[in-house]
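**Student:** Starting off with a structure, shown below.
The values are calculated or read from the model by the stated rules, or taken from the named source; none is laboratory data. It should be emphasised that the depicted structure is a prediction, and the values quoted were computed from it without experimental measurement. Cβ placement follows ideal geometry from the backbone for every residue including glycine, while neighbour counts extend to all protein chains displayed.
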Amino acid sequence: MKKQITTTNPYTNKTLETYGYFTDKAISKILTVADKTFQSWKTESLSKRTALLKNVAENLSSNKEEYSKLMTIEMGKPIIESIAEIEKCIYLCDFYAENASLLLSDEIIETDARESFISYDPLGCILGIMPWNFPFWQAFRFAIPTLTAGNTVVLKHASNVTGCALAIQDIFENSGYPKGCFTTLLTNHNTIENVIKNDIIKAVSLTGSEKAGRKIAEVAGSQLKKLVLELGGNNACVVLNDADLDKHLNTMVKARMQNTGQSCIAAKRFIIEDGIYDAFLEKFTKKIEALTFGDPLLEDTEIGTLAREDLADILEDQVNRSIEKGALVHYGNQRDKTYYQPTILTEVTKDMPVFTEETFGPVVAIVKVSNKEDAYKMISDTKFGLGTMIFSKDIKGAKQRIIDIEDGAFFINEMVKSDPRLPFGGTKKSGYGRELSREGILAFTNKKTVYIK
């Protein structure tokens, strides 16, 4: 079993840092401190907690370039997207700093009691298991509302972004959070099962793959601990005959190629009505051809490498198996280690891996359908349920289809994206529970009934 973590720059393939795993004794001490800190943190005034959020936002703003560069060298994200990620974290802090008092306020319920209400009390120490693709955003999306509700947090981050994980802990501690409020654990997946079973851990939030979700759900379920799961996605991007391509084409490209396609909510299945198919394919291809690949630290780079070489192996295998079943390479499909050229596949059918599986990279699977009804039916031909995007001028008609969309999100004339003001999560094999907005800050609270006769 490995006893250390080595991080590598996926663009240069150069070793960055080596970190030792924490011992069981060290982890036990961290959990004990987190539990002890919770006893005082839960009684801290909400005004103090929201003031600390402003400190975090200032820290992120002052060190934006440093944190952005760290993200880029650890997982290959283009620097312009790393900067945008830090800015989104700042907005998250601002949102909860402004709205936490309203979101956490007692809910008065009229009964025959003299007074009755729902009190939203923190649960305790919450474990977050987070992925590498948005190293800061995923961790902050979980931690900010969880801490603000009065819980303490321990983070098990993806090993290839260990530098980011430790930097995030420093951000919270340097912003005035008591020691033990937020702590990063350097450990492996085998040890994390024992962490979940520890009585100090009251609940778990996981963002990751379906496979990881099943395993963590099994462990958390055996302990009867609450769990929020945000897992894989296979989002459909439906382009109907009346879509305004000139207006929305850049959005469609970004929906697939943002973060070099390494996003659970990326558009992965492009379902195109036949009347607009040829025009879409021609214009979309030109946009893809124009994307700039290069050193992700350069501001004009739009496409980076994949985060690890094994991820490129998986993507290449999915594409090859789809080609064997009849998919055609319309554009791209060149690969060099962690680099995977943006690729467009046509003649895709529902039995192909690029349609049925989650593809984590810059591969576009395009399906032509003969009419609008077939397009809407095909949306749900997947085991996932994160989000759907529809492009059409018929807003009224699209709104009438809301009930037919099984996913956690339905975006009309816009790419699926997360927003602190709106709940975020999925259905089916994409998980359960919601992050962000009011649902996110109440996710790890005890909704306690108080009744005074």
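**Student:** Does at least one position in the stretch 291-301 carry a residue that is aromatic (Phe, Trp, Tyr), surrounded by 23 or more Cβ atoms within 10 Å (Cβ to Cβ) and within 16 Å of Val363 (Cβ to Cβ)?
**Tutor:** Restricting attention to the stretch 291-301, the residues satisfying the condition of being aromatic (Phe, Trp, Tyr) are 293.
After this cut, where a residue has to be surrounded by 23 or more Cβ atoms within 10 Å (Cβ to Cβ) as well, the list is none.
Checked against the condition, which is being aromatic (Phe, Trp, Tyr), surrounded by 23 or more Cβ atoms within 10 Å (Cβ to Cβ) and within 16 Å of Val363 (Cβ to Cβ), the stretch 291-301 yields no hits at all.
**Student:** Might you check whether a residue that is surrounded by 22 or more Cβ atoms within 10 Å (Cβ to Cβ) and of a type in the set (Asp, Glu) occurs anywhere in the stretch 224-240?
**Tutor:** Within the stretch 224-240 (the criterion being surrounded by 22 or more Cβ atoms within 10 Å (Cβ to Cβ) and of a type in the set (Asp, Glu)), the answer is yes, since at least one residue qualifies.
**Student:** Still on this structure: Given the criteria surrounded by fewer than 23 Cβ atoms within 10 Å (Cβ to Cβ), over 24 Å from the mean Cα position of the chain (by Cα) and not in a helix (DSSP H, G or I), does Asp278 qualify? Even if it seems obvious, please write down each step before you answer.
**Tutor:** Details: surrounded by fewer than 23 Cβ atoms within 10 Å (Cβ to Cβ): yes; over 24 Å from the mean Cα position of the chain (by Cα): yes; not in a helix (DSSP H, G or I): no.
Taking the combined requirement at face value, the residue does not satisfy it.
**Student:** Further question on the same structure: If I filter the stretch 342-375 down to residues being among the aliphatic types (A, V, I, L, M) and part of a loop (DSSP other than H, G, I, E, B), which single residue comes out as nearest to Ser322 (Cα to Cα)? It would help to see each step written out before you state the result.
**Tutor:** Taking the stretch 342-375 first, the residues among the aliphatic types (A, V, I, L, M) are 344-345, 348, 352, 354, 363-367, 369, 375.
Cutting the leftovers down to part of a loop (DSSP other than H, G, I, E, B) gives us 348, 352.
Numbers: Val348: 8, Met352: 5 Å.
Looking at residues that are among the aliphatic types (A, V, I, L, M) and part of a loop (DSSP other than H, G, I, E, B), I get Met352.
**Student:** Is it true that some residue in the stretch 345-353 is under 27 Å from Glu81 (Cα atoms) and either of a type in the set (Lys, Arg) or touching a residue at least 24 places away in the same chain (Cβ under 8 Å) (or both)? Walk me through it before giving the result.
**Tutor:** Applying the first criterion (under 27 Å from Glu81 (Cα atoms)) to the stretch 345-353 yields 345.
This time we only want the ones that are either of a type in the set (Lys, Arg) or touching a residue at least 24 places away in the same chain (Cβ under 8 Å) (or both), so: 345.
Checked the stretch 345-353: at least one residue is under 27 Å from Glu81 (Cα atoms) and either of a type in the set (Lys, Arg) or touching a residue at least 24 places away in the same chain (Cβ under 8 Å) (or both).
**Student:** Could you check how many residues of the stretch 317-345 are within 18 Å of Ala255 (Cβ to Cβ) and polar (S, T, N, Q)?
**Tutor:** Residues that pass the stated criteria total 1.
**Student:** Here is a further query. Looking at (1) in contact with a Ser or Thr (Cβ under 8 Å, 6 or more places away or on another chain); (2) surrounded by fewer than 22 Cβ atoms within 10 Å (Cβ to Cβ), find the lone condition where Leu245 falls short.
**Tutor:** (1)
**Student:** Please work out which one of (1) modelled with pLDDT of 95 or more; (2) touching an Asp or Glu at 6+ places or on another chain (Cβ under 8 Å) is the condition Thr191 fails and give its number.
**Tutor:** Among (1) modelled with pLDDT of 95 or more; (2) touching an Asp or Glu at 6+ places or on another chain (Cβ under 8 Å), Thr191 violates only (1).
**Student:** Take the stretch 29-60 and flag every residue that is over 17 Å from Thr184 (Cα atoms), β-branched (Val, Ile, Thr) and surrounded by 13 or more Cβ atoms within 10 Å (Cβ to Cβ).
**Tutor:** Of all residues in the stretch 29-60, those over 17 Å from Thr184 (Cα atoms) come to 39-55, 57-60.
In the following step, the residues that additionally are β-branched (Val, Ile, Thr) were identified as 43, 50.
Result: Thr50, single match.
**Student:** Can you confirm whether the stretch 395-406 contains a residue that is of a type outside the set (Lys, Arg) and touching an Asp or Glu at 6+ places or on another chain (Cβ under 8 Å)?
**Tutor:** So in the stretch 395-406, the residues of a type outside the set (Lys, Arg) come out as 395, 397-398, 400, 402-406.
Checking which are touching an Asp or Glu at 6+ places or on another chain (Cβ under 8 Å) leaves us with none.
Looking for residues that are of a type outside the set (Lys, Arg) and touching an Asp or Glu at 6+ places or on another chain (Cβ under 8 Å), one finds none in the stretch 395-406, hence no.
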